[in-house]
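Reviewing the structure listed below.
The values are calculated or read from the model by the stated rules, or taken from the named source; none is laboratory data. Computed from a predicted structure; not experimentally measured. We place every Cβ from the backbone using ideal geometry, glycine too, and count neighbours over all the protein chains shown. Please note that ligands, DNA and RNA were not included when accessible areas were found on the heavy atoms of the full protein model with its side chains. Shrake-Rupley method; radii C 1.70, N 1.55, O 1.52, S 1.80 Å.
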Amino acid sequence: MTKTNLITGFLGSGKTTSILHLLANKPANEKWAVLVNEFGEVGIDGALLADSGAVLKEIPGGCMCCVNGLPMQVGLNTLLRQAKPDRLLIEPTGLGHPKQILDILTAPVYEPWIDLKATLCVLDPRQLLDEKTVMNENFRDQLAAADIIVANKCDRATAESQQAFSSWWDTYGGDRQFVETTQGNIDGSLLDQPRRNRAALPESAAHSHSHPSNKGLAALSLASHQRWQRSLNSGQGYQACGWIFDADTVFDTVGLLEWARLAPVSRVKGVMRITEGLVRINRQGADLRIETQSVAPPDSRIELIHDSDTDWNALQSTLLKLRLS
Ligand SMILES: Nc1nc2c(ncn2[C@@H]2O[C@H](COP(=O)(O)OP(=O)(O)O)[C@@H](O)[C@H]2O)c(=O)[nH]1
Ligand SMILES: [Mg+2]
């Protein structure tokens, strides 16, 4: 059986960072797999996780639970049967609702395959200060469904965010555990904590995001001879716009990093080719992280997410001008 953990958390809270940390510290003799679902259609987390050595399955473009959970089940079946991992970490989109995913994971058909352990919810306590986030029922239900709360981004904590977290904890903490982390430095032993049967979670009422393509089953990719492609997704008051560029497209380094830093959106992530090689760009609000990447994906891809109307065409035309080849 595959020991399985659901790693939830709102947009940009640090789920992928935490998973990368856990993978970097996993027992050397174990085979781990990651199932990741992103809000945008242009899957980026897969490229971010490509360096990690885990077996990876991506389900881009919405939530795992849609279409009767079919995309998720296909991904799950492939991973469990083909890779037979010792452990599976599941990262749903930050806008996803945990109920449907937990229902699938606890369905009788998976009983012989999945040993479901604790659900971790990664939280940036500053999110508790943002009214729009706190109003989002998926944000609240992610916390409610968790066995362990990972209060991440301790380096960015303020007196207000600490206060907000302790009052949340006093009201809702219950029998949960919490740990405080920076860069998702979770102790791997937490993954073996048992899953508790939480009081029935409500079904998500706001199950309203669109599924423009219903492709869902495979990450988007370019057709042959196609140099670039863009894809939009929207739902729950958020919009995502992503671009894929072929492997021959190289970007101006300074221009690209400035574009990513200044784009008037809340979230930017991508793995892109620049003259020096491959760069990973990850921005949440004003927190920007730039890293190099060694494993080369077949294309360059970048995605922006924002919670109000954004002039994607203006951003696109600047981005296209930054191409050197
Ligand atoms: N300052 C700070 N930034 C962090 C920390 N953990 C993650 N980040 C950054 O937050 C952004 C979102 O992280 P990511 O793991 O991609 O979030 P996800 O959307 O929940 O998967 C990235 O730019 C990360 O580098 C942390 O502890 N401190
Ligand atoms: Mg992620």
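Could you look at the chain and say what percent of its accessible area is carbon and sulfur, using a 1.4 Å probe and all protein chains?
51
Roughly how much of D299 is accessible, in Å² to the nearest 10, using a 1.4 Å probe?
Approximately 10 Å² of D299 is accessible to the 1.4 Å probe.
Could you sort D103, D124 by accessible area so the largest value comes first, with the probe set to 1.4 Å?
Largest to smallest exposure gives the sequence D103, D124.
Any idea which of L102, S325, P60 is furthest toward the positive side of the dipole for the chain, if Lys and Arg beta-carbons carry +1 and Asp and Glu beta-carbons -1?
Final value for the positive-end residue is S325.
What accessible area, in Å² to the nearest ten, does a 1.4 Å probe give for E258?
Approximately 70 Å² for this residue.
I'd like to know which of T181, N197, I148 lies farthest towards the positive end of the charge dipole of the stretch 143-201, counting +1 on Cβ of Lys and Arg and -1 on Cβ of Asp and Glu.
Of the candidates, N197 comes out farthest on the positive side.
Where does helix 159-172 land angle-wise versus the long Cα axis of the chain, in degrees 0 to 90, nearest 10?
Roughly 40 degrees, rounded to the nearest 10.
Given a 1.4 Å probe and the protein chains all in place, what does the accessible area of H97 round to, in Å² to the nearest 10?
0
Quick one: work out the % antiparallel among DSSP beta bridges in the chain, nearest 5.
Bridges in the chain are about 55 percent antiparallel.
In Å², what does the accessible area per residue of the stretch 20-178 work out to with a 1.4 Å probe?
38
I want the local charge near T78. Using Cβ-Cβ distances under 15 Å, sum +1 for each Lys or Arg and -1 for each Asp or Glu among the other residues.
Summing Lys and Arg as +1 and Asp and Glu as -1 gives +3.
Which longest run of the chain has no exposed loop site in it, a site being trypsin sites (Lys or Arg not before Pro) in a DSSP loop with at most 16 other beta carbons within 10 Å, and the site itself not part of the run?
The longest uninterrupted stretch comes out as 32-195.
At what distance in nm do the modelled label points of R261 and R156 sit from each other, each positioned 7 Å from its Cα along Cα→Cβ?
About 1.7 nm, to one decimal.
Nearest 10 degrees is fine. How inclined is helix 66-78 to the longest principal axis of the chain, computing both from alpha carbons?
That helix lies at roughly 90 degrees to the long axis.
Between 0 and 90 degrees, rounded to the nearest ten: what's the tilt of helix 15-24 against the longest Cα principal axis of the chain?
The answer is roughly 80 degrees.
In the calculated pair distance distribution of the stretch 228-321, what percentage of Cα-Cα distances lie above 18 Å?
Result: 41 percent of Cα pairs exceed 18 Å.
Largest first, what is the accessible-area ranking of L257, L191 with a 1.4 Å probe?
Ranked list, largest accessible area first: L257, L191.
Excluding ligands, DNA and RNA, what is the solvent-accessible area per residue of the stretch 228-321 at a probe of 1.4 Å, expressed in Å²?
42
Sorted by accessible area (1.4 Å probe), largest first, how do H21, H306 line up?
Output order, biggest surface exposure first: H21, H306.
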